[in-house]
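Bear in mind that the values in this text are calculations on the coordinates, not laboratory data. Nothing here was measured: the structure is a model prediction, and the numbers come from that model. Counting neighbours? That spans all protein chains shown, and the Cβs are built from the backbone with ideal geometry, glycine included.
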């Protein structure tokens, strides 16, 4: 058995998470182009599963000229660390949330604005269309290249240990954990909540000790992180949507022969479409699983929440930050926001 096959088998089995970093990733006499792809998702997450499949197809369709090894689950560092590595060329490919990419490309978080997406029937036409193209153009200015199709990260939902969240009034004074991001903090302050920036590694203990009453995340995170053990109520707010951009180092990407770029992009984009379907199917399963764990779900009318954001000046503030051009493209798909 070859070294490369052994490593892939170990990765997919989830037994080489730490050892793989120390092992040499390039085998002698191997492919003409050998690259690293990193992400922050577990081995079993659809993002890792489908991108791994794409890498296998790419190797086959390029007759072994391109070999892209997969390093999932933060093996190569935090999101911030890996973004720096991508920019320096230490890794060649990386998937990242647009909300986090906004630290480098501010407009990348525009799709995460609160309560602007009614459903996926508006999200995907926007991100596969003019809005996505606009964001990718800004990403290119930073020295990175984004594939055309985004992978799904999902809608975010609010949870609580103290009371159901059914209206904006339920958020008044509510101690909610949020990621360290101006967009999140700004939105929850507009609801008169008390947002608390806490690293995700500390979220469970913060909820357990009541330092924070609640948090917000996609259903998959709520399930895999076992937040149902310290949270009772789940409000289906769908308050923010985000996707993973599949990013490439610009110099590396542009240095590849055009035929190889085409094969890589084609397979990554095809896998993105399948991954979106995976997430949609899993969300239905997660809801049933979380309900079985004792979480109480409540449907939420988004209109009062959006009205509260409008009245607070939230949308006006972020329109000013993103600029009229980006805002105009966004509203082509969401309709008038403010």
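A few points about this structure:
- In Å, descending, principal axis extents of the Cα set of segment 194-261: 55, 23, 23
- Ordering 285-296, 206-217 by mean Cβ neighbour count within 10 Å, with the highest value first, yields 206-217, 285-296.
- Gyration tensor (alpha-carbon) shape descriptor, segment 178-218, a/c threshold 1.5: prolate
- P(r) tail for segment 249-297: Cα pairs beyond 14 Å make up 68% of the total.
- Tensor-based shape of segment 202-338 (alpha-carbon gyration tensor, a/c under 1.5 rounded, otherwise prolate or oblate): oblate
- Expressed to the nearest 5 percent, the antiparallel share of DSSP beta bridges inside the chain is 55 percent.
- Principal-axis tilt of helix 258-292 within the chain, Cα atoms, nearest 10 degrees: 40 degrees
- The packing ranking of peptides 233-242, 97-106, highest mean first, is 233-242, 97-106, where packing means the average number of other beta carbon atoms within 10 angstrom of each residue.
- If you sort the three axes of the alpha carbon gyration tensor as a ≥ b ≥ c, you get a/c of 1.5 or more for segment 115-175 and a/b above b/c, which makes it prolate.
- The alpha carbon centroids of segment 274-335 and segment 129-152 are separated by 20 Å.
- 33 Å tail of the calculated P(r), the chain, as % of Cα pairs: 29 percent
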